[in-house]
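Below is one structure, written out as structure tokens; the observations come after it.
The values are calculated or read from the model by the stated rules, or taken from the named source; none is laboratory data. Every value quoted in this text rests on a predicted model; they were computed, and no experiment measured them. Because the Cβ atoms are built from the backbone with ideal geometry, glycine has one as well, and the counts that use them run over all protein chains shown. Just the protein is used for accessible areas: all its heavy atoms, side chains included, with ligands, DNA and RNA removed. Shrake-Rupley method; radii C 1.70, N 1.55, O 1.52, S 1.80 Å.
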Amino acid sequence: LTEVYSSSPALGRYFRSAQVISFSNESSTVIYQLVFSVPPSTEGFMENRMNPDFIRNILRQNIYDED
């Protein structure tokens, strides 16, 4: 995750770290925390750039690009 987000043209300058919070072998589930340093609130920044769907889509695109 660190490589994906730190190299992202959209989020790389804001990304600080990724940390695994919880891991389950039974269900192959990982819960992680992403840390971003964002500029002072500007209109629409948090709603658009830091939108959870937008952040997930960057990861999805990276996975698709690797195939």
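Tabulated data
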{"item": "Verdict on residue 56 being exposed (fewer than 13 other Cβ atoms within 10 Å of the Cβ), in contact (Cβ under 8 Å) with a residue 12 or more places away in the chain and of a type outside the set (Val, Ile, Thr)", "result": "no"}
{"item": "Count of region 1-25 residues which are open to solvent by less than 50 Å² (accessible area, probe 1.4 Å), within 10 Å of the chain's Cα centre (by Cα) and touching a residue at least 40 places away in the same chain (Cβ under 8 Å)", "result": "4"}
{"item": "Candidate set from region 1-25 (those that are of a type in the set (A, V, I, L, M, F, W, C) and not in a strand (DSSP E or B)); member that is farthest from residue 35 (Cα to Cα)", "result": "10"}
{"item": "Subset of region 26-43 [open to solvent by 50 Å² or more (accessible area, probe 1.4 Å) and not in a loop (DSSP other than H, G, I, E, B)]", "result": "29, 30, 31, 32, 33, 35"}
{"item": "Residue within region 49-62 that is hydrophobic (A, V, I, L, M, F, W, C), in a strand (DSSP E or B) and modelled with pLDDT of 90 or more present", "result": "no"}
